[in-house]
1. Extending each Cα 7 Å along its Cβ direction at R105 and D92, get the distance between those two points in nm, one decimal.
2. Taking the alpha-carbon set of the stretch 57-142, what are its Rg and Dmax in Å?
3. Once you list every other residue whose beta carbon is under 12 Å from the beta carbon of W81, what net charge do they have if Lys and Arg are +1 and Asp and Glu are -1?
4. Under a Cβ-only charge scheme (Lys and Arg +1, Asp and Glu -1), can you give me the dipole magnitude of the stretch 50-131 about the Cα centre, in debye to the nearest 20?
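Every number in this text was worked out from the coordinates using simple rules, so none of it is lab data. Just so we're clear, the structure is a prediction, and the values are computed from it rather than from any experiment. Methodologically, a virtual Cβ is constructed for each residue, glycine included, from the backbone with ideal geometry; neighbour enumeration extends over all protein chains shown.
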Amino acid sequence: MASPKPRPAGLKLVEGSRPGRDSGGRKVTEPPAFKRVPPEPPAWLPAEARAEWDRVVPELARLDLLKPVDRSALTAYCLTWDRLVQAQRQMDEDGSVLATNSQGRVRHPAVAVIEAASKELRSWAGEFGLTPSAESKVGRQGDDDGDATNPFAGSG
């Protein structure tokens, strides 16, 4: 099994035990000095995607997790949300089963779109710490720097 992806320093520090430390007391390396301002949303975002942008960006900006170059990743996250919502609406109108044939039920194509968009959304949400599991891992990452205040220094 692959090891977990490293979390952004800002996410690690959110639950830190003291300035510059994560929740386990490990030193958090400072990220590059990107300008920490939220990106502007693309003008062409569909309404549902724009609503999701407006919902998540203020909180991510409050935590100093966004920078202008995050625009494409955040756009992909919001477009995935839009695709999930549109497919769900279509399935709500038509039902999840369109017909039956000799091999059984024929499920609505939107079911596959919903399943794929859910997986992709979960992946994008994890990049920004927007899932409960991603949030709970905020302070778990970081190299053991051998700091004397860390009771687990050198243990693994």
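1. Going from the R105 label point to the D92 one covers 2.0 nm.
2. So, for the stretch 57-142, Rg and Dmax equal 17.2, 56 Å respectively.
3. After counting each charged neighbour, the total is -1.
4. Numbers: 11 positive and 12 negative charges, 25 e Å.
Computed about the Cα centre, the dipole is about 120 debye.
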